[in-house]
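The values are calculated or read from the model by the stated rules, or taken from the named source; none is laboratory data. Everything quoted here is computed from the prediction, not taken from an experiment. Glycine also receives a Cβ, built like all others from the backbone with ideal geometry; neighbour counts cover every protein chain displayed. Remember, those area values only see protein heavy atoms, side chains included, never the ligands or the DNA or RNA. Shrake-Rupley method; radii C 1.70, N 1.55, O 1.52, S 1.80 Å.
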Amino acid sequence: MNPQVAIIGTSQTKFEADKGYEDIPETVFKVVQQAMAEADIDRDDLDSIVTSSVDLWDGRTASNQMLTDVVGSIMKPESRVAGDGLGAVFQGMLAILAGASEITLVVSQCRGSLGVHNEISNWVFDPIYQQPLGLDYLSAGALQANHYMNQFGISQEDCARVVIKNRRDAQNNPYAQVVKEATVEEVMGSLMWAYPIKEMDAAPVSDGACAVVLASRHKAKALSKEPVWILGAGSCLDSHYLGDRDLTGGDALIRASNAAYGMAGISDPLKELDVAEVSAAFSYQELLWTELMGFCNRGEGARILKEGQTSLGGSLPVNPSGGMIVGNPVTVAGLTRLVEAVLQVRGKAGDRQVRGASRALSHGTTGCCGQGQYVMIVGN
Amino acid sequence: MKRNTEREELLRIPIQMKLQYRFPAGAHYERFFRELKKTGKIMGIKCPECERVLVPPRPVCGECFTRTGEWVEVGPKGTVVAHTSIYFPFIDGSTGKPRPIPYGAGLIQLDGAYSAINHILEEGDPDKLHIGMRVEAMLKEKREGNIGDILYFKTIEE
């Protein structure tokens with residue numbers, strides 16, 4: 001079946017530890033204007049808008065209240081996804097597939113600098129039982145990390161090599177926040193936060209925003225010389241309670257990626273995909289996610305990384321942008337992965353370009369330890 | 001038959017949500033409050049397309065989806081476009097104390113402005129408040145550069 005929805009415009013901000021020099025509407029207006037300019041549309045062309053932001057990160061309810069003016073949604077249908085930006089793309093895509101919209105703007109923004117990460121992610125958990133125990137994204141991630149590493153005999157050095165690769169590749173990404181290369185020794189020697197996760201294994205606190213313009217097949221062909229098509233998409237949600245999940249079994253990601261592969265006609269992702277942008281907030285997660293998405297067998301994520309298969313120049317480069325390890329405005333992460341995937345397919349990824357990329361995977365996740373999973377495959 | 005209206009009391013867990021944030025005010029609020037503090041002027045910003053003066057000032061006119069332009073002084077006199085009288089206690093964020101009730105609250109369209117702004121009305125008696133009445137901003141003597149620099153709007157005769 002011909003793909004029905006295309007991406008015709010993208011933009012992203014540089015990720016920074018603190019964008020306090022400007023307010024959120026200012027940041028968002030800039031990315032929206034850039035994405036719309038790239039799509040060569042003006043506000044009258046917009047049929048609907050989907051935003052992604054989370055109240056607790058923004059310190060207010062209905063956190064899209066400050067975005068209405070700057071995303072062009074006055075007197076237009078706007079909906080908000082309180083979660084990852086790639087999830088918002090799914091909503092935008094559905095509006096187009098349903099015939100309710102021909103052109104949809106999807107915008108995601110988050111500022112880690114406004115609040116305190118651990119305090120906010122503590123509120124992600126059930127307030128009656130889990131929250132008083134101090135669970136947050138970091139401590140929950142550490143439980144998953146250990147579970148995974150024990151199951152497959154993965155060492156902390158194996159995880160550190162993810163950081164080395166991503167920080168090295170981030171040198172080529174003008175939007176990256178962390179651009180300092182690292183050694184395995186430096187990662188191993190960095191501050192232990194929650195065993196086995198150390199400071200340098202974790203994504204930094206970041207501010208940033210991203211925008212994409214989606215179009216129906218008809219509009220994309222009329223408006224764009226280089227539409228990038230959504231070839232496959234899958235999403236899946238696991239249980240909230242960590243104890244109810246198989247922490248490293250990753251059923252949600254297996255199902256989401258299989259759904260996307262099925263639509264895109266992909267049977268061997270390592271061979272058939274040219275590049276993958278993966279949302280991993282901790283080094284171990286990049287290894288785990290690549291296994292669950294079938295780039296290799298279970299337990300072999302570290303091996304294919306060590307062999308260079310997931311490095312720039314390898315058979316399937318993973319996160320040539322540097323991924324979340326070099327910039328992490330929490331809910332923007334998945335949309336950033338999509339923007340990077342689109343740039344790759346267009347051959348416009350600058351020094352981080354994977355030569356000849358024509359099919360790219362983007363991955364987003366929401367909740368802790370990959371509770372919600374989104375996989376989207378784009379190509380030209 | 002006797003109706004059973006009593007239910008077993010279930011456990012309730014008291015939880016206090018305490019989170020801290022630092023909001024970047026941005027260039028527009030920055031100038032709005034700086035001007036208010038230094039000169040006591042209330043400033044609006046004009047959209048170059050529709051020419052409406054928006055208060056508080058902001059980077060974009062949402063209606064025109066266009067960057068705002070020229071800064072203009074508005075008020076300090078204005079017209080009440082909506083009002084109410086409040087009879088429940090409210091902890092004033094700037095003082096940490098309950099505001100005496102009843103108090104008037106309104107939307108006030110400052111002279112020269114398109115947007116009406118929310119603020120406190122000195123008059124709290126609903127019989128003495130009406131739409132279209134004229135009011136004027138009363139400012140603190142020692143201003144600090146926040147919305148509390150406007151104490152309230154008092155009723156004026158013209």
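Answer yes or no: is there a residue in the range B:12-23 that is out of contact with any helix residue (DSSP H, G or I) (no Cβ under 6 Å at 6 or more places or on another chain), within 30 Å of B:MET138 (Cβ to Cβ) and in contact (Cβ under 8 Å) with a residue 12 or more places away in the chain. Checked against the condition, which is being out of contact with any helix residue (DSSP H, G or I) (no Cβ under 6 Å at 6 or more places or on another chain), within 30 Å of B:MET138 (Cβ to Cβ) and in contact (Cβ under 8 Å) with a residue 12 or more places away in the chain, the range B:12-23 yields no hits at all.
Select from the range A:239-268 the residues that are under 19 Å from the mean Cα position of the chain (by Cα) and either farther than 20 Å from A:PHE295 by Cβ or among the aliphatic types (A, V, I, L, M) (or both) and list them in ascending order. Passing the criteria: A:ALA252, A:LEU253, A:ILE254, A:ALA256, A:ALA259, A:ALA260.
Would you pick out the residues in the range A:17-31 that are away from chain B (no Cβ under 12 Å) and either surrounded by fewer than 24 Cβ atoms within 10 Å (Cβ to Cβ) or assigned to a strand (DSSP E or B) (or both)?
Of the residues in the range A:17-31, the ones away from chain B (no Cβ under 12 Å) are A:17, A:31.
Passing the criteria: only A:ALA17.
Which residue, of A:GLY313, A:GLY364, is under 27 Å from A:SER121 (Cα atoms), of a type outside the set (Asp, Glu) and either buried (at least 24 other Cβ atoms within 10 Å of the Cβ) or modelled with pLDDT under 95 (or both)?
Numbers: A:GLY313 fails: under 27 Å from A:SER121 (Cα atoms).
Going through A:GLY313, A:GLY364 in turn, just one is under 27 Å from A:SER121 (Cα atoms), of a type outside the set (Asp, Glu) and either buried (at least 24 other Cβ atoms within 10 Å of the Cβ) or modelled with pLDDT under 95 (or both): A:GLY364.
Looking across the range A:136-160, the residues that are among the hydroxyl-bearing types (Ser, Thr, Tyr) and surrounded by 22 or more Cβ atoms within 10 Å (Cβ to Cβ) come down to A:TYR137, A:TYR148.
Counting only residues that are within 12 Å of another protein chain (Cβ to nearest Cβ) and small (Gly, Ala, Ser), the range B:1-50 holds 3 of them. Filtering A:VAL163, A:VAL107 for residues that are assigned to a helix (DSSP H, G or I), aliphatic (A, V, I, L, M), touching a Ser or Thr at 6+ places or on another chain (Cβ under 9 Å) and open to solvent by less than 30 Å² (accessible area, probe 1.4 Å) leaves a single hit, A:VAL163.
May I ask you to list the residues in the range A:166-192 that are part of a helix (DSSP H, G or I), touching a helix residue (DSSP H, G or I) at 6+ places or on another chain (Cβ under 8 Å) and either within 18 Å of A:PRO317 (Cβ to Cβ) or of a type outside the set (D, E, K, R) (or both)? Give the steps one after another, and end with the answer.
To start, the set of residues in the range A:166-192 that are part of a helix (DSSP H, G or I) comprises A:166-170, A:184-189.
Imposing the further condition that a residue be touching a helix residue (DSSP H, G or I) at 6+ places or on another chain (Cβ under 8 Å) reduces the set to A:166-167, A:169-170, A:184, A:186-188.
If the condition is that a residue be part of a helix (DSSP H, G or I), touching a helix residue (DSSP H, G or I) at 6+ places or on another chain (Cβ under 8 Å) and either within 18 Å of A:PRO317 (Cβ to Cβ) or of a type outside the set (D, E, K, R) (or both), then A:ASN166, A:ARG167, A:ASP169, A:ALA170, A:VAL184, A:VAL187, A:MET188 are the ones that fit.
Where the second residue is modelled with pLDDT of 90 or more and in a strand (DSSP E or B) and the first is at the interface with chain B (Cβ under 9 Å from one of its Cβ atoms) and lies in the range A:108-134, which pairs have Cβ atoms under 6 Å and are six or more apart or on separate chains? Between residues of the range A:108-134 that are at the interface with chain B (Cβ under 9 Å from one of its Cβ atoms) and residues that are modelled with pLDDT of 90 or more and in a strand (DSSP E or B), the close pairs are A:ARG111/A:ASP207; A:SER113/A:ASP207. Taking the range A:194-229 as the range and being of a type in the set (A, V, I, L, M, F, W, C), open to solvent by 10 Å² or more (accessible area, probe 1.4 Å), over 28 Å from A:SER139 (Cα atoms) and within 23 Å of the chain's Cα centre (by Cα) as the test, only A:TRP229 passes.
Applying the selection to the range A:255-273, what residues are open to solvent by less than 40 Å² (accessible area, probe 1.4 Å) and in contact with a strand residue (DSSP E or B) (Cβ under 9 Å, 6 or more places away or on another chain)? Can you show your working first?
Taking the range A:255-273 and keeping what is open to solvent by less than 40 Å² (accessible area, probe 1.4 Å), we get A:256-257, A:260-261, A:264, A:266, A:269-270, A:273.
Correct list: A:ALA256, A:SER257, A:ALA260, A:TYR261, A:ALA264, A:ILE266, A:PRO269, A:LEU273.
When we screen A:THR310, A:THR365, A:THR336 for residues that are of a type in the set (Ser, Thr, Tyr) and touching a Cys at 6+ places or on another chain (Cβ under 6 Å), the only hit is A:THR336. Residue-level check: of (1) modelled with pLDDT of 95 or more; (2) open to solvent by less than 10 Å² (accessible area, probe 1.4 Å), A:THR248 misses just (1).
Out of the residues in the range A:110-134 that are assigned to a helix (DSSP H, G or I) and hydrophobic (A, V, I, L, M, F, W, C), which is most open to solvent (accessible area, probe 1.4 Å)?
A:LEU133
The single condition from (1) basic (Lys, Arg); (2) out of contact with any Leu (no Cβ under 8 Å at 6 or more places or on another chain); (3) buried (at least 18 other Cβ atoms within 10 Å of the Cβ) that B:LYS46 fails is (2).
Among the residues of the range A:87-104, the one identified as buried (at least 24 other Cβ atoms within 10 Å of the Cβ) and assigned to a loop (DSSP other than H, G, I, E, B) is A:SER101. Answer yes if at least one residue in the range A:38-51 is more than 24 Å from A:ALA220 (Cα to Cα), within 12 Å of chain B (Cβ to nearest Cβ) and touching a residue at least 24 places away in the same chain (Cβ under 8 Å), and no otherwise. No, every residue in the range A:38-51 fails to be more than 24 Å from A:ALA220 (Cα to Cα), within 12 Å of chain B (Cβ to nearest Cβ) and touching a residue at least 24 places away in the same chain (Cβ under 8 Å).
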